[in-house]
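Inspection log for the structure reproduced underneath, given as C-alpha coordinates.
The values are calculated or read from the model by the stated rules, or taken from the named source; none is laboratory data. Just so it is clear, the model here is predicted, and its values are computed rather than measured. Backbone-built Cβ (ideal geometry, glycine too); neighbour counts: all protein chains shown. What goes into the accessible areas is simple: the full protein's heavy atoms, side chains included, and nothing from ligands, DNA or RNA. Shrake-Rupley method; radii C 1.70, N 1.55, O 1.52, S 1.80 Å.
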Amino acid sequence: VDTPAPTKTTSSAPTDSTTAAINTEESNGADPNVRRVVCKRCHEMNHHHRIAPNWHRDVADDPEVLEFMKSKPSALVVHVLDVYDLQGSLLKGLSNFIGHQHRVILVVNKVDLLPKDVHLPRVATYVQRMMKDSGVLNIVAMHVVSARKVHGVRELCADLMALRRRFTQSPPDIYMVGRANVGKSELINAMLRISYGGTQYKVTTFPIPGTTCDVVEIPLQRFRKALVPYTPGEAQRAGGEVIDPGTLYDTPGVFNNYSLAKYLKPDELKLTWPKPHLSVATYGLKCGQSLCIGGLGRIDLQEGGDAATGRIMVSVFSNLPVHITQTKKADDMFDRLAAGELVPDLHPPGRTMTPARAAVLPRLKFVSNHTLSNENATMACADVYFMGVGWVAIAGRFKHAVIQVHSLGGRGAGIRPPLM
Ligand code: GDP
(Lines give C-alpha, C1' and ligand atoms only; values in the text may rest on other atoms or scores of the structure.)
Protein backbone atom coordinates (compact mmCIF):
# COMPACT_ATOMS: atom_id res chain seq x y z
CA VAL A 1 0.00 0.00 0.00
CA ASP A 2 1.46 3.34 -0.96
CA THR A 3 0.73 6.32 1.18
CA PRO A 4 2.27 9.78 1.13
CA ALA A 5 4.95 10.10 3.76
CA PRO A 6 4.23 12.21 6.81
CA THR A 7 6.87 14.85 7.47
CA LYS A 8 8.61 12.46 9.88
CA THR A 9 8.56 8.94 8.46
CA THR A 10 7.92 5.97 10.72
CA SER A 11 9.35 2.54 9.99
CA SER A 12 6.05 0.71 9.97
CA ALA A 13 2.42 1.14 10.78
CA PRO A 14 0.71 -2.14 11.64
CA THR A 15 -2.98 -2.44 10.97
CA ASP A 16 -5.49 -4.99 12.21
CA SER A 17 -5.88 -6.56 8.80
CA THR A 18 -4.95 -10.23 8.61
CA THR A 19 -4.41 -10.07 4.86
CA ALA A 20 -0.86 -10.01 3.59
CA ALA A 21 -0.21 -6.74 1.80
CA ILE A 22 2.51 -5.31 -0.34
CA ASN A 23 4.55 -3.07 1.83
CA THR A 24 6.92 -0.29 1.05
CA GLU A 25 9.88 1.07 2.87
CA GLU A 26 11.76 4.28 2.75
CA SER A 27 15.32 2.94 2.67
CA ASN A 28 17.39 0.93 0.19
CA GLY A 29 16.90 3.10 -2.83
CA ALA A 30 13.18 3.54 -2.15
CA ASP A 31 11.10 6.54 -3.00
CA PRO A 32 11.23 8.83 0.08
CA ASN A 33 7.63 9.87 -0.61
CA VAL A 34 6.18 6.52 0.33
CA ARG A 35 6.19 4.89 3.73
CA ARG A 36 5.98 1.28 4.71
CA VAL A 37 2.53 -0.01 5.58
CA VAL A 38 2.17 -3.64 6.61
CA CYS A 39 -0.54 -5.69 8.27
CA LYS A 40 -0.11 -6.74 11.87
CA ARG A 41 0.65 -10.34 10.93
CA CYS A 42 3.45 -9.34 8.52
CA HIS A 43 4.81 -6.90 11.12
CA GLU A 44 5.01 -9.70 13.69
CA MET A 45 6.89 -11.91 11.22
CA ASN A 46 9.28 -9.22 10.00
CA HIS A 47 10.17 -7.65 13.32
CA HIS A 48 9.55 -10.29 16.00
CA HIS A 49 10.01 -13.49 13.94
CA ARG A 50 6.65 -14.71 15.26
CA ILE A 51 3.72 -16.19 13.41
CA ALA A 52 0.19 -16.69 14.73
CA PRO A 53 -0.15 -20.16 16.30
CA ASN A 54 -2.88 -21.18 13.81
CA TRP A 55 -0.57 -20.53 10.84
CA HIS A 56 -1.16 -23.96 9.37
CA ARG A 57 -4.91 -23.36 9.03
CA ASP A 58 -4.37 -20.60 6.50
CA VAL A 59 -3.46 -22.92 3.67
CA ALA A 60 -5.29 -25.80 2.04
CA ASP A 61 -3.59 -29.17 1.57
CA ASP A 62 -4.87 -29.57 -1.94
CA PRO A 63 -4.37 -27.55 -5.16
CA GLU A 64 -8.18 -27.07 -5.13
CA VAL A 65 -7.33 -23.74 -3.54
CA LEU A 66 -6.24 -22.70 -7.07
CA GLU A 67 -9.49 -23.75 -8.76
CA PHE A 68 -10.56 -20.11 -9.10
CA MET A 69 -8.03 -19.94 -11.97
CA LYS A 70 -10.19 -22.21 -14.14
CA SER A 71 -12.45 -19.27 -14.96
CA LYS A 72 -9.53 -16.93 -15.73
CA PRO A 73 -8.41 -16.21 -19.28
CA SER A 74 -5.15 -17.75 -20.48
CA ALA A 75 -2.33 -16.64 -18.18
CA LEU A 76 1.32 -17.43 -17.52
CA VAL A 77 1.55 -19.68 -14.49
CA VAL A 78 4.90 -19.76 -12.72
CA HIS A 79 4.99 -23.06 -10.80
CA VAL A 80 7.75 -22.70 -8.21
CA LEU A 81 9.48 -25.87 -6.97
CA ASP A 82 11.91 -26.11 -4.04
CA VAL A 83 15.09 -27.98 -4.98
CA TYR A 84 15.41 -29.11 -1.34
CA ASP A 85 11.98 -30.75 -1.54
CA LEU A 86 11.39 -31.58 -5.21
CA GLN A 87 8.89 -34.41 -4.66
CA GLY A 88 7.12 -32.55 -1.86
CA SER A 89 6.83 -29.27 -3.75
CA LEU A 90 5.45 -30.63 -7.04
CA LEU A 91 1.74 -29.84 -7.49
CA LYS A 92 0.70 -33.10 -9.11
CA GLY A 93 -2.24 -32.79 -11.48
CA LEU A 94 -1.98 -28.98 -11.38
CA SER A 95 -3.51 -28.58 -14.86
CA ASN A 96 -6.70 -30.34 -13.73
CA PHE A 97 -7.12 -27.78 -10.99
CA ILE A 98 -6.25 -24.58 -12.83
CA GLY A 99 -7.54 -25.51 -16.31
CA HIS A 100 -5.66 -26.32 -19.49
CA GLN A 101 -5.68 -22.84 -21.03
CA HIS A 102 -2.66 -21.58 -19.07
CA ARG A 103 1.00 -21.84 -20.06
CA VAL A 104 3.24 -23.09 -17.27
CA ILE A 105 6.78 -21.90 -16.55
CA LEU A 106 8.58 -24.20 -14.11
CA VAL A 107 10.98 -22.52 -11.71
CA VAL A 108 13.29 -24.66 -9.57
CA ASN A 109 14.18 -22.36 -6.68
CA LYS A 110 16.76 -22.36 -3.86
CA VAL A 111 19.61 -23.80 -5.93
CA ASP A 112 22.01 -21.92 -3.64
CA LEU A 113 21.36 -24.77 -1.19
CA LEU A 114 23.03 -27.33 -3.44
CA PRO A 115 26.76 -28.08 -3.11
CA LYS A 116 28.94 -25.66 -5.11
CA ASP A 117 30.09 -28.24 -7.67
CA VAL A 118 26.57 -29.14 -8.83
CA HIS A 119 26.01 -28.74 -12.56
CA LEU A 120 22.76 -26.74 -12.80
CA PRO A 121 21.76 -27.87 -16.34
CA ARG A 122 21.80 -31.42 -14.94
CA VAL A 123 19.31 -30.34 -12.28
CA ALA A 124 17.09 -28.88 -15.03
CA THR A 125 17.22 -32.15 -17.02
CA TYR A 126 16.43 -34.11 -13.85
CA VAL A 127 13.34 -31.99 -13.15
CA GLN A 128 12.25 -32.23 -16.79
CA ARG A 129 12.23 -36.05 -16.49
CA MET A 130 10.43 -35.82 -13.16
CA MET A 131 7.63 -33.83 -14.81
CA LYS A 132 6.59 -36.75 -17.04
CA ASP A 133 3.21 -38.04 -15.85
CA SER A 134 3.07 -35.23 -13.28
CA GLY A 135 -0.21 -33.88 -14.64
CA VAL A 136 1.38 -30.48 -15.23
CA LEU A 137 0.68 -29.70 -18.89
CA ASN A 138 1.65 -26.88 -21.26
CA ILE A 139 5.13 -26.42 -19.76
CA VAL A 140 6.70 -23.80 -22.02
CA ALA A 141 9.93 -23.05 -20.14
CA MET A 142 12.02 -24.07 -17.15
CA HIS A 143 14.40 -21.99 -15.03
CA VAL A 144 16.76 -22.97 -12.25
CA VAL A 145 17.10 -20.01 -9.87
CA SER A 146 18.01 -18.81 -6.43
CA ALA A 147 15.57 -16.09 -5.41
CA ARG A 148 17.67 -15.31 -2.37
CA LYS A 149 20.88 -14.79 -4.35
CA VAL A 150 18.94 -13.27 -7.29
CA HIS A 151 20.57 -15.90 -9.49
CA GLY A 152 18.78 -16.75 -12.75
CA VAL A 153 15.97 -14.28 -11.96
CA ARG A 154 16.95 -11.85 -14.72
CA GLU A 155 16.74 -14.69 -17.28
CA LEU A 156 13.35 -15.72 -15.88
CA CYS A 157 12.04 -12.14 -16.24
CA ALA A 158 13.40 -11.93 -19.81
CA ASP A 159 11.59 -15.15 -20.68
CA LEU A 160 8.33 -13.98 -19.08
CA MET A 161 8.65 -10.70 -20.94
CA ALA A 162 9.24 -12.50 -24.27
CA LEU A 163 6.17 -14.69 -23.66
CA ARG A 164 4.07 -11.64 -22.77
CA ARG A 165 5.35 -9.76 -25.83
CA ARG A 166 3.65 -12.33 -28.08
CA PHE A 167 0.29 -10.92 -26.95
CA THR A 168 0.55 -7.27 -27.97
CA GLN A 169 -3.11 -6.40 -27.38
CA SER A 170 -3.50 -7.91 -23.91
CA PRO A 171 -0.37 -9.44 -22.44
CA PRO A 172 -1.39 -12.28 -20.08
CA ASP A 173 -1.35 -11.91 -16.31
CA ILE A 174 1.17 -13.87 -14.28
CA TYR A 175 0.24 -16.23 -11.43
CA MET A 176 2.86 -17.49 -8.99
CA VAL A 177 1.75 -20.90 -7.71
CA GLY A 178 3.42 -23.54 -5.60
CA ARG A 179 3.40 -25.30 -2.30
CA ALA A 180 3.81 -23.31 0.89
CA ASN A 181 7.40 -22.25 1.57
CA VAL A 182 8.92 -22.89 -1.86
CA GLY A 183 9.93 -19.22 -2.08
CA LYS A 184 7.21 -17.64 -4.24
CA SER A 185 7.25 -14.39 -2.29
CA GLU A 186 11.05 -14.29 -2.15
CA LEU A 187 11.08 -14.77 -5.94
CA ILE A 188 8.64 -11.88 -6.42
CA ASN A 189 10.87 -9.73 -4.22
CA ALA A 190 13.90 -10.71 -6.32
CA MET A 191 11.98 -9.74 -9.48
CA LEU A 192 10.99 -6.43 -7.90
CA ARG A 193 14.61 -5.90 -6.85
CA ILE A 194 15.93 -6.26 -10.37
CA SER A 195 13.12 -4.06 -11.69
CA TYR A 196 13.85 -1.30 -9.21
CA GLY A 197 17.39 -1.89 -8.04
CA GLY A 198 16.18 -1.50 -4.45
CA THR A 199 13.77 -3.04 -1.96
CA GLN A 200 11.13 -0.37 -2.23
CA TYR A 201 8.25 -2.81 -2.66
CA LYS A 202 8.24 -6.24 -1.16
CA VAL A 203 6.00 -9.03 0.05
CA THR A 204 6.52 -10.74 3.39
CA THR A 205 8.56 -13.95 3.46
CA PHE A 206 9.05 -16.27 6.45
CA PRO A 207 10.61 -19.72 6.95
CA ILE A 208 7.32 -21.27 8.14
CA PRO A 209 4.70 -22.53 5.64
CA GLY A 210 1.54 -20.44 5.38
CA THR A 211 2.98 -16.92 5.20
CA THR A 212 0.85 -15.79 2.24
CA CYS A 213 -2.76 -16.33 3.27
CA ASP A 214 -4.69 -14.81 0.38
CA VAL A 215 -4.12 -13.93 -3.27
CA VAL A 216 -1.91 -10.82 -3.35
CA GLU A 217 -2.29 -8.67 -6.48
CA ILE A 218 0.70 -6.68 -7.68
CA PRO A 219 0.23 -4.41 -10.71
CA LEU A 220 2.84 -5.42 -13.27
CA GLN A 221 3.64 -1.72 -13.64
CA ARG A 222 5.57 -2.18 -10.37
CA PHE A 223 8.03 -4.37 -12.25
CA ARG A 224 8.66 -1.60 -14.75
CA LYS A 225 10.90 -2.67 -17.61
CA ALA A 226 11.48 -6.18 -16.27
CA LEU A 227 7.99 -7.47 -17.13
CA VAL A 228 6.08 -4.80 -19.05
CA PRO A 229 6.96 -5.22 -22.70
CA TYR A 230 6.25 -1.61 -23.74
CA THR A 231 6.51 1.93 -22.47
CA PRO A 232 3.28 3.82 -21.59
CA GLY A 233 3.67 5.72 -24.89
CA GLU A 234 3.86 2.50 -26.92
CA ALA A 235 0.83 1.14 -25.07
CA GLN A 236 -1.25 4.04 -26.35
CA ARG A 237 0.05 3.88 -29.88
CA ALA A 238 -0.79 0.16 -30.27
CA GLY A 239 -4.57 0.59 -30.47
CA GLY A 240 -5.18 4.18 -29.56
CA GLU A 241 -6.27 3.23 -26.06
CA VAL A 242 -4.16 2.52 -22.99
CA ILE A 243 -3.39 -1.17 -22.56
CA ASP A 244 -3.59 -2.44 -19.00
CA PRO A 245 -0.08 -3.76 -18.26
CA GLY A 246 -1.65 -6.58 -16.29
CA THR A 247 -1.23 -8.06 -12.85
CA LEU A 248 1.04 -10.51 -11.07
CA TYR A 249 -0.76 -12.64 -8.50
CA ASP A 250 1.02 -14.25 -5.54
CA THR A 251 -1.25 -17.15 -4.54
CA PRO A 252 -1.39 -18.77 -1.10
CA GLY A 253 0.88 -21.77 -0.76
CA VAL A 254 -0.73 -25.19 -1.09
CA PHE A 255 0.08 -27.02 2.13
CA ASN A 256 1.65 -30.45 1.77
CA ASN A 257 -0.04 -32.67 4.30
CA TYR A 258 2.54 -35.40 3.66
CA SER A 259 5.49 -33.16 4.52
CA LEU A 260 7.42 -34.49 7.50
CA ALA A 261 8.34 -30.88 8.35
CA LYS A 262 4.82 -30.51 9.77
CA TYR A 263 5.94 -32.50 12.83
CA LEU A 264 8.53 -29.84 13.67
CA LYS A 265 7.72 -26.78 15.74
CA PRO A 266 8.52 -23.36 14.22
CA ASP A 267 11.67 -23.01 16.38
CA GLU A 268 12.89 -26.45 15.31
CA LEU A 269 12.14 -25.64 11.67
CA LYS A 270 14.28 -22.54 11.96
CA LEU A 271 17.15 -24.57 13.45
CA THR A 272 16.97 -27.25 10.75
CA TRP A 273 16.46 -24.83 7.88
CA PRO A 274 19.06 -25.64 5.20
CA LYS A 275 21.84 -23.11 4.70
CA PRO A 276 23.43 -22.31 1.32
CA HIS A 277 25.73 -25.04 0.03
CA LEU A 278 24.19 -27.59 2.32
CA SER A 279 26.86 -29.54 4.17
CA VAL A 280 26.72 -33.24 3.37
CA ALA A 281 27.68 -35.93 5.87
CA THR A 282 28.59 -39.40 4.54
CA TYR A 283 28.39 -42.56 6.65
CA GLY A 284 28.92 -46.26 6.11
CA LEU A 285 25.77 -48.28 6.86
CA LYS A 286 26.31 -51.99 7.61
CA CYS A 287 23.89 -54.78 6.94
CA GLY A 288 21.53 -54.98 9.96
CA GLN A 289 21.97 -51.28 10.78
CA SER A 290 19.51 -48.39 10.53
CA LEU A 291 19.99 -44.70 9.88
CA CYS A 292 17.50 -42.61 11.87
CA ILE A 293 16.92 -39.08 10.66
CA GLY A 294 15.69 -36.71 13.38
CA GLY A 295 13.12 -39.21 14.67
CA LEU A 296 11.04 -38.54 11.52
CA GLY A 297 12.33 -41.27 9.22
CA ARG A 298 14.57 -44.30 9.01
CA ILE A 299 16.47 -46.37 6.43
CA ASP A 300 17.35 -49.99 7.28
CA LEU A 301 19.95 -51.96 5.33
CA GLN A 302 18.36 -55.41 5.42
CA GLU A 303 20.53 -57.38 3.00
CA GLY A 304 23.68 -57.07 0.95
CA GLY A 305 26.18 -54.23 0.72
CA ASP A 306 29.82 -54.17 -0.40
CA ALA A 307 31.21 -57.75 -0.74
CA ALA A 308 34.30 -56.92 1.35
CA THR A 309 32.92 -54.56 4.02
CA GLY A 310 29.19 -55.43 3.99
CA ARG A 311 28.41 -51.72 3.83
CA ILE A 312 26.71 -49.17 1.62
CA MET A 313 27.57 -45.46 1.79
CA VAL A 314 24.84 -42.97 2.67
CA SER A 315 25.18 -39.18 2.16
CA VAL A 316 22.74 -37.16 4.20
CA PHE A 317 21.48 -33.86 2.69
CA SER A 318 19.60 -32.60 5.72
CA ASN A 319 20.17 -30.54 8.83
CA LEU A 320 18.30 -33.00 11.03
CA PRO A 321 20.40 -34.98 13.51
CA VAL A 322 21.37 -38.45 12.29
CA HIS A 323 21.74 -41.56 14.44
CA ILE A 324 23.03 -44.94 13.25
CA THR A 325 22.37 -48.06 15.29
CA GLN A 326 21.39 -51.75 15.00
CA THR A 327 17.90 -52.13 13.48
CA LYS A 328 16.68 -53.99 16.58
CA LYS A 329 17.80 -51.12 18.81
CA ALA A 330 16.25 -48.60 16.42
CA ASP A 331 12.89 -50.48 16.66
CA ASP A 332 13.11 -50.29 20.44
CA MET A 333 14.00 -46.57 20.39
CA PHE A 334 11.03 -45.69 18.15
CA ASP A 335 8.71 -47.81 20.36
CA ARG A 336 9.90 -45.91 23.41
CA LEU A 337 9.37 -42.58 21.62
CA ALA A 338 5.81 -43.61 20.65
CA ALA A 339 5.16 -44.50 24.30
CA GLY A 340 6.02 -40.91 25.27
CA GLU A 341 9.56 -41.56 26.51
CA LEU A 342 12.28 -39.00 25.76
CA VAL A 343 14.83 -40.55 23.39
CA PRO A 344 17.46 -37.81 22.80
CA ASP A 345 18.99 -39.51 19.74
CA LEU A 346 15.64 -39.16 17.94
CA HIS A 347 14.93 -35.57 18.93
CA PRO A 348 14.91 -32.65 16.51
CA PRO A 349 17.33 -29.89 17.59
CA GLY A 350 16.17 -27.31 20.12
CA ARG A 351 15.44 -29.43 23.24
CA THR A 352 11.73 -28.78 22.78
CA MET A 353 10.61 -32.42 22.79
CA THR A 354 8.41 -33.36 25.74
CA PRO A 355 6.93 -36.77 26.67
CA ALA A 356 3.43 -35.44 25.96
CA ARG A 357 4.45 -34.29 22.48
CA ALA A 358 6.33 -37.52 21.71
CA ALA A 359 3.22 -39.50 22.64
CA VAL A 360 0.98 -37.72 20.12
CA LEU A 361 3.38 -38.05 17.17
CA PRO A 362 2.26 -40.76 14.73
CA ARG A 363 4.15 -44.06 14.96
CA LEU A 364 7.01 -44.89 12.63
CA LYS A 365 5.56 -46.98 9.78
CA PHE A 366 6.94 -48.96 6.86
CA VAL A 367 6.91 -47.05 3.55
CA SER A 368 8.67 -49.25 0.98
CA ASN A 369 11.33 -51.90 0.25
CA HIS A 370 13.92 -51.44 -2.51
CA THR A 371 16.45 -53.76 -4.11
CA LEU A 372 19.45 -51.80 -5.39
CA SER A 373 22.82 -52.36 -7.04
CA ASN A 374 25.58 -49.87 -7.78
CA GLU A 375 28.61 -50.66 -9.93
CA ASN A 376 29.89 -47.08 -10.06
CA ALA A 377 31.44 -46.29 -6.71
CA THR A 378 31.72 -42.56 -7.45
CA MET A 379 28.01 -42.03 -8.16
CA ALA A 380 24.88 -42.51 -6.10
CA CYS A 381 22.35 -45.07 -7.39
CA ALA A 382 19.25 -43.66 -5.67
CA ASP A 383 18.02 -41.02 -3.23
CA VAL A 384 15.65 -41.69 -0.36
CA TYR A 385 13.66 -38.48 0.09
CA PHE A 386 11.92 -37.35 3.24
CA MET A 387 9.50 -34.59 2.21
CA GLY A 388 10.33 -31.18 3.64
CA VAL A 389 13.41 -32.27 5.59
CA GLY A 390 15.95 -33.43 2.98
CA TRP A 391 17.18 -36.62 1.38
CA VAL A 392 19.76 -39.40 1.68
CA ALA A 393 21.83 -40.49 -1.36
CA ILE A 394 22.68 -44.20 -1.52
CA ALA A 395 26.19 -44.79 -2.85
CA GLY A 396 29.21 -47.11 -2.60
CA ARG A 397 30.01 -50.13 -4.79
CA PHE A 398 27.74 -53.14 -4.21
CA LYS A 399 26.04 -55.77 -6.34
CA HIS A 400 23.00 -56.28 -4.18
CA ALA A 401 21.38 -54.42 -1.31
CA VAL A 402 17.86 -54.34 0.10
CA ILE A 403 16.84 -51.21 1.97
CA GLN A 404 13.63 -50.56 3.84
CA VAL A 405 12.27 -47.01 4.22
CA HIS A 406 10.11 -45.87 7.15
CA SER A 407 8.62 -42.53 8.16
CA LEU A 408 6.29 -41.13 10.80
CA GLY A 409 2.81 -42.17 9.72
CA GLY A 410 4.25 -44.11 6.76
CA ARG A 411 3.91 -41.11 4.43
CA GLY A 412 6.07 -38.41 2.89
CA ALA A 413 9.05 -40.61 2.02
CA GLY A 414 10.14 -42.68 -0.96
CA ILE A 415 12.86 -43.38 -3.45
CA ARG A 416 13.85 -41.47 -6.60
CA PRO A 417 16.73 -41.41 -9.10
CA PRO A 418 19.80 -39.65 -7.64
CA LEU A 419 19.71 -35.86 -7.99
CA MET A 420 23.51 -35.63 -7.90
P1 GDP B 1 6.30 -18.88 -0.09
O2 GDP B 1 5.48 -19.49 1.00
O3 GDP B 1 6.38 -19.80 -1.26
O4 GDP B 1 5.91 -17.50 -0.48
O5 GDP B 1 7.80 -18.83 0.48
P6 GDP B 1 8.65 -17.58 1.00
O7 GDP B 1 8.99 -16.68 -0.13
O8 GDP B 1 7.97 -17.00 2.20
O9 GDP B 1 9.99 -18.35 1.41
C10 GDP B 1 9.99 -19.37 2.39
C11 GDP B 1 11.38 -19.46 3.00
O12 GDP B 1 12.30 -19.91 2.00
C13 GDP B 1 11.90 -18.10 3.50
O14 GDP B 1 12.62 -18.30 4.71
C15 GDP B 1 12.82 -17.67 2.39
O16 GDP B 1 13.85 -16.81 2.85
C17 GDP B 1 13.38 -19.00 1.92
N18 GDP B 1 13.83 -18.91 0.53
C19 GDP B 1 13.11 -18.46 -0.53
N20 GDP B 1 13.85 -18.48 -1.65
C21 GDP B 1 15.06 -18.96 -1.31
C22 GDP B 1 16.28 -19.23 -2.03
O23 GDP B 1 16.41 -19.02 -3.24
N24 GDP B 1 17.30 -19.79 -1.31
C25 GDP B 1 17.21 -20.04 0.02
N26 GDP B 1 18.26 -20.57 0.62
N27 GDP B 1 16.09 -19.79 0.73
C28 GDP B 1 15.04 -19.25 0.08
In nm, to one decimal, how far is the ASP267 label point from the LYS329 one, both placed 7 Å along Cα→Cβ? 2.9
What residues qualify as long-range amide H neighbours of VAL78, i.e. H under 5 Å apart, gap of 5 or more or another chain, H built at 1.01 Å from N? ILE105, TYR175, MET176, VAL177
Just order 398-409, 375-386 by mean Cβ neighbour count inside 10 Å, highest at the front, would you? 398-409, 375-386
So how far, in whole Å, is the C-alpha centre of the stretch 120-147 from the one of the stretch 69-113? 10
With every protein chain kept in place and ligands, DNA and RNA left out, what is the accessible area per residue of the stretch 250-349? Probe 1.4 Å, answer in Å². 41
Fraction of accessible area attributable to carbon and sulfur, the stretch 110-200 (%, probe 1.4 Å): 49
The simple spin-label model distance between LYS132 and GLU64, using points 7 Å out along Cα→Cβ, in nm, is 3.2
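Measuring with a 1.4 Å probe in the full set of protein chains, what accessible area per residue, in whole Å², belongs to the stretch 361-417?
On the way: 2270 Å² over 57 residues.
Value returned for the stretch 361-417: 40 Å² of accessible area per residue.
Using only the heavy atoms of the protein chains and a 1.4 Å probe, how would SER373, SER195 rank by accessible area, largest first?
Working: SER373 65, SER195 20 Å².
In descending accessible area the options line up as SER373, SER195.
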If each of HIS277 and ARG154 carries a label point 7 Å out from its Cα toward its Cβ, how far apart are those two points in nm? 2.2
Enumerate the residues in the stretch 360-391 having an amide nitrogen under 19 Å from the point lying 7 Å beyond the Cα of ALA307 toward its Cβ. 372-379
Could you tell me what percent of the accessible area of the stretch 261-416 is made up of carbon and sulfur, with a 1.4 Å probe and every protein chain present? 52
